[in-house]
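Undergrad: Take a look at the following structure, please.
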């Protein structure tokens, strides 16, 4: 996918614009921080919520309410250059990047250049593409082949937002035009088979994978709405075949028939003079309430550190940014945002006691500040791990108290569930059934977190729930972007090949005669 993976920060110095007035927009699925005007920020939030609603409408998926911390948090920076500095490579062409993880999916984009709702910038296109992945991973209980995942994201990311509130979905992916018309065409079997594509011989010139993925997905999706099309049900049939466990090419042949003919058909589709798209009227779009607030002076001064910390820091950078946020913390000792940001910086620098103290000051001002609760869990866990034998019981007791407190504020936050589970292993004890259930619930809340997915699979293997482990690992096997993760998942799959679940027993005579 055209996701830009996070890397270790080097040489980063991020500064907030002079006299910036930072605002927070809070909606059902997004939290956005920006120093732009309230109108510009509201327009951006409405655009994103409208996009989410349009995906719900076309896919017929009602996502329902989500826990506040499972929303995507977006930081709008001053310019493309600031985004590249944060990314860690000022010479790159990066115009925005995204990271998905439990309890904190993040995106970093530059401010809107002209406020247009109709013409999207490259960074907005990346954001829409990645949010489409986020939507798919959060709402489908199966790992899809790469072509389908990328075709889905490209199909939705080419959206157009009209000023009357209507939204076009499925427009031609013009940013893929050169790829489709001028680059090496990928054979249909390679397009459909994720594992084969990952093992292909790569060329410097690249290929038309993303463009052909969009083209095939567009062709089959539009066929669903054409009563005269012989392919009207084929995409649904293909997805059902995947749900049944059929392999990539088997599922495709059973649904699409002759693959060579399919390849010819999408070539013909590409050469059409016009390609259809959906226009959803404003009445079909549900944006929901958007609350905008201007942040206090302390939060404005702490914002640069908050952004940098959330991006991720190494030990050197953590030590570099700490003095500045300590000064801000001393200036605003009662500001919950500032103290939660200081807690994160102290933790990143290895100062657990100071991190806990800052988190407590934040919670004294706002007991519902979930960021402070989470930072306290992080620091308390590490402090308990590092404590001597005499102090460990007190440390684990403090961790349990921190987890319970966070859970009371937001009971669907994945981090308390993850750290409750981790506390058993850190103490050398087998995880309780409740802890395992909590870990699996965390994955259901953040199905896009690959490290969490691996940990759940490992626990399922320990419990000899091999069929569950296979289902958990399947999504990782189909993501060639994370080749290291895919290799680990493949090794785990090989380890449990042919294993039977412990819970399964031999068939009884009554079972055999049940039919």
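The values are calculated or read from the model by the stated rules, or taken from the named source; none is laboratory data. Since we're looking at a predicted model, the values are computed, not measured. When we count neighbours, we look across all protein chains shown, and the Cβ atoms used for this are built from the backbone with ideal geometry, even at glycine.
Undergrad: Can we say residue 261 is exposed (fewer than 13 other Cβ atoms within 10 Å of the Cβ) and under 29 Å from residue 178 (Cβ atoms)?
TA: yes
Undergrad: Continuing with this model, one more query. Looking at the structure I just gave you, is residue 344 buried (at least 23 other Cβ atoms within 10 Å of the Cβ) and either outside the structural domain of residue 78 (by TED's automatic domain parsing) or out of contact with any strand residue (DSSP E or B) (no Cβ under 6 Å at 6 or more places or on another chain) (or both)? Walk me through it before giving the result.
TA: On the way: buried (at least 23 other Cβ atoms within 10 Å of the Cβ): yes; either outside the structural domain of residue 78 (by TED's automatic domain parsing) or out of contact with any strand residue (DSSP E or B) (no Cβ under 6 Å at 6 or more places or on another chain) (or both): yes.
Answer is yes for this residue.
Undergrad: Looking only at segment 28-78, which residues are closer than 19 Å to residue 302 by Cα and surrounded by fewer than 19 Cβ atoms within 10 Å (Cβ to Cβ)?
TA: 31, 73, 78
Undergrad: Determine whether residue 213 is closer than 30 Å to residue 51 by Cα and at pLDDT below 95.
TA: No; evaluated as a whole, the condition is false for this residue.
Undergrad: Kindly indicate whether any position in segment 478-485 is surrounded by 20 or more Cβ atoms within 10 Å (Cβ to Cβ) and either assigned to a helix (DSSP H, G or I) or at pLDDT 95 or above (or both).
TA: no
Undergrad: Something else: Among the residues of segment 109-137, write down those that are in a strand (DSSP E or B) and modelled with pLDDT of 95 or more.
TA: Passing the criteria: none in range.
The rows are residues; the columns are (1) under 30 Å from residue 28 (Cβ atoms); (2) touching a strand residue (DSSP E or B) at 6+ places or on another chain (Cβ under 9 Å).
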| residue | (1), (2) |
| --- | --- |
| 213 | yes, no |
| 224 | yes, no |
| 260 | no, no |
| 265 | no, no |
| 287 | yes, no |
| 291 | yes, yes |
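Undergrad: Still on this model: Go through the residues of segment 296-306 one by one and say whether even a single one is surrounded by fewer than 18 Cβ atoms within 10 Å (Cβ to Cβ) and either at pLDDT 95 or above or touching a helix residue (DSSP H, G or I) at 6+ places or on another chain (Cβ under 9 Å) (or both). Spell out how you get there, then give the answer.
TA: Keep residues of segment 296-306 that are surrounded by fewer than 18 Cβ atoms within 10 Å (Cβ to Cβ), which gives 296-297.
Now restrict to residues that are either at pLDDT 95 or above or touching a helix residue (DSSP H, G or I) at 6+ places or on another chain (Cβ under 9 Å) (or both): 296-297.
Looking through segment 296-306, at least one residue is surrounded by fewer than 18 Cβ atoms within 10 Å (Cβ to Cβ) and either at pLDDT 95 or above or touching a helix residue (DSSP H, G or I) at 6+ places or on another chain (Cβ under 9 Å) (or both).
Undergrad: Given (1) surrounded by 13 or more Cβ atoms within 10 Å (Cβ to Cβ); (2) over 25 Å from the mean Cα position of the chain (by Cα); (3) in contact (Cβ under 8 Å) with a residue 60 or more places away in the chain; (4) under 18 Å from residue 193 (Cβ atoms), identify the lone condition not met by residue 212.
TA: The single condition residue 212 does not satisfy is (2).
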